[in-house]
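Report on the structure given below.
The values are calculated or read from the model by the stated rules, or taken from the named source; none is laboratory data. A quick note: this is a predicted structure, and the numbers were derived from the prediction, not measured. Cβ coordinates were reconstructed from backbone atoms using ideal geometry, including for glycine residues, and neighbour counts include every protein chain displayed.
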Amino acid sequence: MVLTMAAVADHKGIALSRLVVSVEGRTEFGGRQATTRFVSRLDLGDGLTPREQRILVNSARQCEVHKMLRGEIEFEEYLEGMEGPARPA
């Protein structure tokens, strides 16, 4: 997220006085289901116009990590020396 925002700021000529991001992951369990929410806090410093702030926040939302984590995620485990995914006994 930070790298994407910094690249966009550089490309658009947006002068950043500060770029600090903290992300907290929160997982809630309900039976066999789990929902994970990532809460991001962005500190862009002072002196940005509302338009510049929107450009940077939108770029954060479009970063590659966000794209990977959006939607469904599946896990597969493989045992070395065995073909196919490991199956529960």
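Screening Arg87, Arg51 for residues that are at pLDDT 90 or above, among the charged types (D, E, K, R) and not in a strand (DSSP E or B) leaves exactly one candidate, Arg51.
When Leu44, Leu56, Leu48 are checked against the criterion of being under 17 Å from Met1 (Cβ atoms), surrounded by 11 or more Cβ atoms within 10 Å (Cβ to Cβ) and over 18 Å from the mean Cα position of the chain (by Cα), Leu48 stands alone in meeting it.
Of Asp46, Asp10, which residue is assigned to a helix (DSSP H, G or I), modelled with pLDDT of 90 or more and among the charged types (D, E, K, R)? Break it down into steps so the answer makes sense when it comes.
Values: Asp46 fails: assigned to a helix (DSSP H, G or I).
Result of the check over Asp46, Asp10: Asp10.
Under the condition of being under 30 Å from Leu19 (Cβ atoms) and not polar (S, T, N, Q), the residues counted in region 44-89 number 24. Scanning region 26-37 for residues that are at pLDDT 90 or above and surrounded by 10 or more Cβ atoms within 10 Å (Cβ to Cβ) gives no hits. Checked against the criterion of being touching a Lys or Arg at 6+ places or on another chain (Cβ under 8 Å) and within 30 Å of Asp10 (Cα to Cα), the candidates Gly25, Gly47 yield just one match: Gly25. Checked against the criteria, Val23 does not count as touching a strand residue (DSSP E or B) at 6+ places or on another chain (Cβ under 7 Å), of a type outside the set (Gly, Ala, Ser), assigned to a helix (DSSP H, G or I) and surrounded by 10 or more Cβ atoms within 10 Å (Cβ to Cβ).
Can you confirm whether Glu74 is surrounded by 10 or more Cβ atoms within 10 Å (Cβ to Cβ), under 22 Å from the mean Cα position of the chain (by Cα) and either at pLDDT below 90 or on the phi < 0 side of the Ramachandran plot (or both)? Criteria not met by Glu74.
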